[in-house]
Amino acid sequence: MMKRNLTTHHSATLSAMERQEEDEDRVKLFGFWSSPYVYKVEWALRIKGIQYDYIEENLENKSDQLLEYNPVHKKVPVLIYQGKPIAESEVILEFIDEAWKHHGDRILPEDPYDRAMARFWVRFGKDTLSPPIWKWFTTQGQEQEAAYAAAVEQLQILEKELDGKRFFAGEKMGLVDLSLGPFSYIIPIYEEITGVKLIKEEKLPSLLAWMDNFLNSSIVREHLPPMDKLKLRCQAIREAFLKNTN
Amino acid sequence: MAGAEDLKLLGMWASPFVLRAKLALSLKGLNYEYVEEDLKNKSELLLKSNPVHNKVPVLIHNGKPVCESTVIVQYIDEAFAGTGLSLLPSDPYERALARFWAAYIDDKLLPSWTKTSRGSTEEERAEGKEQSAVAVENLEGALRECSKGKPFFGGDNPGYVDVILGGLLGWVRASEELYGINPFDPAKTPLLAAWAERFGALEAVDPVIPEVNKLVEVAKMMQAKLAAEAAGASN
């Protein structure tokens, strides 16, 4: 059973040097409770069975540590491995797979072509699918309708790629599943708030099933954000955007 | 060693993304067939090989297509792991650093340059200029960190980040003539300026970079076209 260890340490009996060494060896993750990027990393660590210390950041008052570890983007997630920081969730996911190659399941496939396909679909999720979904959620009227149509178009491409498989990676989840995973709970929240269904059974049955498979997997169901709190946050975000454009 | 018929690259001569693929192939000493695409009249092969985006570059290896420049470069490195240079280092942390900076180039550097040259308002272009300055400053730091005093991001030899940034070299060179700006100003980013010279002069790189005067010509034609459209639209 995976559990996050919150911030500081326990052993009063260790010497200062031992404590520092132990400290440096511990994997740490800087995160924020609602960030989907942070969850992707946490699911990956769970796949590999890696224990880590979790540090919750206040994004409105970022810690000196975070700013020191990620001066370029000042964002979460940041993974600390042997005292060294790694930022950007896609980069972290590949790192986790390589640093703990022989622990747990592989996150990326072995074959170079399959790896290229996995990376392609991760980019698709980030560059092509996310923007219209975000736009659909943060706009209204004609702009929202256009974004909705664009999102459905991209989702249909994804549906074709999934083609009835349990996960994008096959029988077990992999990089693409982790990368797209947050959509499995975010899209239903967006649908509830906007009152519009984006993923309809008649048009996107594989995706609907995948969302279910993903959410119910042992790795994911034990670690999801608090949904009520998240829903409120998403609602506030949508309202803020609508207010800004009028 | 792969024969020319095993590897095919669909491209467009001016594209920096296509150049990345060419650089990777060249640095690894791989033979391939190059197919120049007319982007206004895309070939059946291109449409079939990249049905999702219909874009170049596409690398076709033994009939199987790989799309997206960063994906292609990593694929070339992994599929031909025993051949020529290794573009990514072997240590997982070093690999993560390289991927981080490659992502930075595409997520931050390139958009800031695009904003600077093609922003629709003066305000946007000024914002782009500010963001570009920050981005190159960060890259200068990256080069210092990654190279550890050696000639390339990859160390003694060019690597993944060198290739990803190197794809932009043609346009970096053209930028001075087009906009009077050197994105890698030796006064502000001396390491990057020196890197650009050094990388550009490599035997595997120099012949592959598109000619600056041709790029300038294409850009001027594009600018004229956009200006004509704008003038036409406002009439």
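The values are calculated or read from the model by the stated rules, or taken from the named source; none is laboratory data. Predicted, not measured: the structure shown is a model, and the values here were computed from it. Positions of Cβ are generated from backbone atoms using ideal geometry, with glycine treated the same way; all protein chains shown enter the neighbour counts. For accessibility, only protein heavy atoms count, side chains too; no ligands or nucleic acids. Shrake-Rupley method; radii C 1.70, N 1.55, O 1.52, S 1.80 Å.
Return the average number of partner chain Cβ atoms within 10 angstrom of each residue Cβ along peptide B:94-104.
5
Count, for each residue of B:42-55, the Cβ atoms from other chains sitting within 10 Å of its Cβ, then give me the mean as a whole number.
For this peptide, the per-residue mean of nearby foreign Cβ atoms is 1.
Once you charge only the Cβ atoms, +1 for Lys and Arg and -1 for Asp and Glu, what is the size of the charge dipole of the protein assembly as shown about its Cα centre, to the nearest 20 debye?
Around 580 debye, computed over the protein assembly as shown.
Can you pull the semi-axes for chain B, root of five times each eigenvalue of the Cα gyration tensor, sorted largest first, whole Å?
Whole-Å semi-axes of the equivalent ellipsoid: 28, 25, 15.
Under 12 Å Cα-Cα from A:LYS165, which aspartates and glutamates qualify once same-chain neighbours fewer than 8 residues away are excluded?
A:ASP177
Would you mind putting A:42-48, A:229-235, B:61-67 in packing order, based on average other-beta-carbon counts within 10 Å, highest first?
A:42-48, B:61-67, A:229-235
For region B:37-51, just list the computed ³J(HN,Hα) in residue order, Karplus coefficients 6.51, -1.76 and 1.60, θ = phi - 60°, integers in Hz, with x standing in for Gly and Pro.
9, 8, 5, 8, 8, 5, 6, 4, 4, 5, 5, 6, 7, 10, x
Once the Cβ-Cβ distance between B:LYS148 and B:ARG198 is put in as r, and R0 is 25 Å, what FRET efficiency do you end up with, to the nearest 0.05?
0.95
What nm value, rounded to one decimal, do you get for the distance between A:GLN51 and A:SER130 when each label is placed 7 Å out toward the C-beta?
3.2
Solvent-accessible area of B:MET222, probe 1.4 Å, all protein chains present, reported in Å² to the nearest ten, please.
Taking all protein chains as shown, B:MET222 has close to 100 Å².
Can you find, among A:ASN244, A:THR194, A:TYR69, the residue sitting farthest towards the positive end of the charge dipole of the protein assembly as shown, where Lys and Arg contribute +1 and Asp and Glu -1 at Cβ?
Most positive-ward Cα: A:THR194.
Which pairs break 24 Å Cα to Cα here: A:LYS40/A:LYS74; A:LYS74/B:LYS22; A:LYS40/B:LYS48?
Checking Cα-Cα distances, A:LYS74/B:LYS22; A:LYS40/B:LYS48 exceed 24 Å.
On C-alpha positions alone, give me the angle between the axis of helix A:89-99 and the longest principal axis of chain A, in degrees, nearest 10.
50
Other chains' Cβ within 10 Å of A:122-128 residues: what's the mean?
Mean partner shielding for this stretch: 3.
What Kirkwood Rh does region B:60-108 have if only Cα atoms enter the pairwise 1/r average? Answer in Å.
Computed over region B:60-108, the radius equals 12.0 Å.
Say R0 is 41 Å: what FRET efficiency, to the nearest 0.05, do A:GLN235 and B:ALA81 get from their beta-carbon distance?
Calculated transfer efficiency: 0.25.
Each residue of region B:96-113 in turn: what ³J(HN,Hα) in whole Hz from Karplus with 6.51, -1.76, 1.60 and θ = phi - 60°, glycine and Pro shown as x?
Once rounded to whole Hz, the list reads 4, 4, 4, 5, 4, 6, 5, 5, 4, 4, 7, 7, 10, 5, 4, x, 5, 5.
Just to be sure I understand: with springs between alpha-carbon atoms less than 10 Å apart, which residue in A:TYR113, A:TYR69, A:TYR190 has the highest mean-square fluctuation in the Gaussian network model of chain A?
Its mean-square fluctuation being the largest, the pick is A:TYR113.
Note down the relative contact order for chain B as a percent, whole number, built from C-alpha pairs under 8 angstrom at least six residues apart.
Worked out over chain B, it gives 19 percent.
Among A:ASP212, A:ASP111, A:ASP127, whose mean-square fluctuation peaks in a Gaussian network model of chain A (Cα, cutoff 10 Å)?
Comparing A:ASP212, A:ASP111, A:ASP127 in a Gaussian network model of chain A, the most mobile one is A:ASP111.
Helix A:36-48 sits at what angle to the longest principal axis of chain A, using alpha carbons and giving 0 to 90 degrees rounded to 10?
60
Give me the distance between the Cα centres of region B:116-195 and region A:192-246, rounded to whole Å.
39
Against the longest principal axis of chain A, how steep is helix A:141-162, in degrees 0 to 90 to the nearest 10, with axes from Cα atoms?
Relative to chain A, helix A:141-162 is tipped by roughly 70 degrees.
Using a 10 angstrom cutoff on alpha carbons, build the Gaussian network for chain A and name the most mobile of A:PRO112, A:PRO225, A:PRO182.
For chain A, modelled as a Gaussian network with Cα springs under 10 Å, the answer is A:PRO112.
Of A:SER184, A:TRP43, B:PHE199, whose Cα points farthest to the positive end of the dipole of the protein assembly as shown (charges on the beta-carbon: +1 Lys, Arg; -1 Asp, Glu; origin at the Cα centre)?
Comparing the listed Cα positions along the dipole, A:SER184 ranks first.
Work out how much length A:LYS74 to A:TYR113 would gain on full extension: take 0.36 nm times their residue separation and subtract the Cα-Cα distance, in nm to one decimal.
10.7 nm
Suppose each label sits 7 Å from its Cα in the direction of the beta carbon; what would the B:TYR179-B:GLU229 distance come out to in nanometres?
With each label placed 7 Å out from Cα toward Cβ, I get 1.8 nm.
Could you run the Karplus curve 6.51 cos²θ - 1.76 cosθ + 1.60 with θ = phi - 60° over region A:27-33 and give me ³J(HN,Hα) per residue in whole Hz, x for Gly and Pro?
6, 10, 9, 8, x, 9, 4
Tell me the Kirkwood radius of region A:89-187: reciprocal of the mean inverse pair distance over distinct alpha-carbon atoms, in Å.
14.6
Taking H placed 1.01 Å from N in the peptide plane, check which residues at least 5 places from A:ILE55 or on another chain put their amide H under 5 Å from its amide H.
Placed amide hydrogens put A:LEU29, A:PHE30, A:GLY31 under 5 Å from A:ILE55.
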